[in-house]
Amino acid sequence: MYSITFQQIAMFLAVAQRLNISAVASEAYISQAALSKMIHRLEESLGVQLFRRNNRGLELTEEGEFIYSHLRYSFNSVCQTLQQAKNISAANKAKIRIGYPSTFDSSSDYDKLKAFIKNYQDEHPEIEFEETLYDFLELKRALSYAEVDVAFMHSFLLTGDIMKSVLHKPVCNCRTFIAMSVNNPLAKAERLTKEMLDGEIFYGMPLSSENAENYAMKDFKENYGFEPREYRLVPNFASLLRALSSGKGMAISGYFSKTTNETIKYFDFPDRRVIHTLDAAWQGSNESTIVRDFLKSFPSDPGKLSCFE
């Protein structure tokens, strides 16, 4: 009858409840433009206007209020039914879905952790392990939407309202460096100081919101002690490496020895006091016995799976 998707209904109900497109888009890890287009397509399929703007912001039309009041509870019931069906299916299959950051295979810092996971897999041939690499935002979304059972993610990603229900434990320590092209004039220095980094261009990947550039600039000043001239976002890890290798700027990063070869130089972070960890994160409400046993197998001390002192 109508060309309407499950996602369109879910997003309509979320916007109808919050009456704030920006907030819903941020929580769903999509752009405001994409969310607005989704709502517009739903309105076109229905042939009615669902929202209108007034001096106070966004409000439901009479038709939108009618649909919202009749769908909100029944939609939640449908979601619960589908989740229960997924839980039944999962109970009948010995399977663990694991998500890793896209940088996971590029650094030797995770070699001990990889060997530990591989050994566990070899000891449990009855369990199917489904492993996927994600960029930072995709990994947060996959965990929050229960698309993975366990996500190995950097501790600085475990922020924001959507991560409040997530449980996590550190599994290994991470090193932090200043990375730049070997052709960058600063690459000739023996060591870097924070004063040398003031006014430089830095690159990074989005971590949480559409205003990531503004948050990052504030983070640099408050936590790192220097202020870049500009902070530029790139969509994924491959784009970050390309930007660094071409000499366009620098980044705060891990040590990607398996990918960058001789094109990028790494400097120890000047006066870096905060130690990041790679954490195993999971939704406690969806934790199965199989997943619980897998998580319990990791040592409590993240230093035991770290590849450096």
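Please verify whether K112 is without any contact (Cβ under 8 Å) to a residue 40 or more places away in the chain, charged (D, E, K, R) and over 20 Å from A251 (Cβ atoms), treating the condition exactly as stated. Steps first, answer last, please.
Numbers: without any contact (Cβ under 8 Å) to a residue 40 or more places away in the chain: no; charged (D, E, K, R): yes; over 20 Å from A251 (Cβ atoms): yes.
No: the conditions fail for K112.
Taking the criterion of being of a type in the set (V, I, T) and at pLDDT below 85, the residues of the stretch 269-309 that qualify are V274, I275.
When the stretch 237-252 is filtered for residues that are touching a strand residue (DSSP E or B) at 6+ places or on another chain (Cβ under 7 Å), part of a helix (DSSP H, G or I) and open to solvent by 40 Å² or more (accessible area, probe 1.4 Å), only S245 remains.
Would the stretch 144-152 turn up any residue that is open to solvent by 70 Å² or more (accessible area, probe 1.4 Å), over 20 Å from G303 (Cα atoms) and not basic (K, R)? The answer is yes, given that some residue of the stretch 144-152 is open to solvent by 70 Å² or more (accessible area, probe 1.4 Å), over 20 Å from G303 (Cα atoms) and not basic (K, R). Within the option set Y266, Y255, being at pLDDT below 90 and either part of a strand (DSSP E or B) or touching a strand residue (DSSP E or B) at 6+ places or on another chain (Cβ under 8 Å) (or both) holds for one residue only, Y255.
Residue by residue, here is whether (1) surrounded by fewer than 22 Cβ atoms within 10 Å (Cβ to Cβ); (2) in contact with a Cys (Cβ under 7 Å, 6 or more places away or on another chain); (3) under 24 Å from Q83 (Cβ atoms) holds:
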site: F129; (1), (2), (3): yes, no, yes
site: L139; (1), (2), (3): no, no, yes
site: T159; (1), (2), (3): yes, no, no
site: K164; (1), (2), (3): yes, no, yes
site: T176; (1), (2), (3): yes, no, no
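The values are calculated or read from the model by the stated rules, or taken from the named source; none is laboratory data. Because the structure is predicted, anything quoted here is derived from the model rather than measured. Positions of Cβ are generated from backbone atoms using ideal geometry, with glycine treated the same way; all protein chains shown enter the neighbour counts. Protein only, heavy atoms only, side chains kept; ligands, DNA and RNA dropped before computing areas. Shrake-Rupley method; radii C 1.70, N 1.55, O 1.52, S 1.80 Å.
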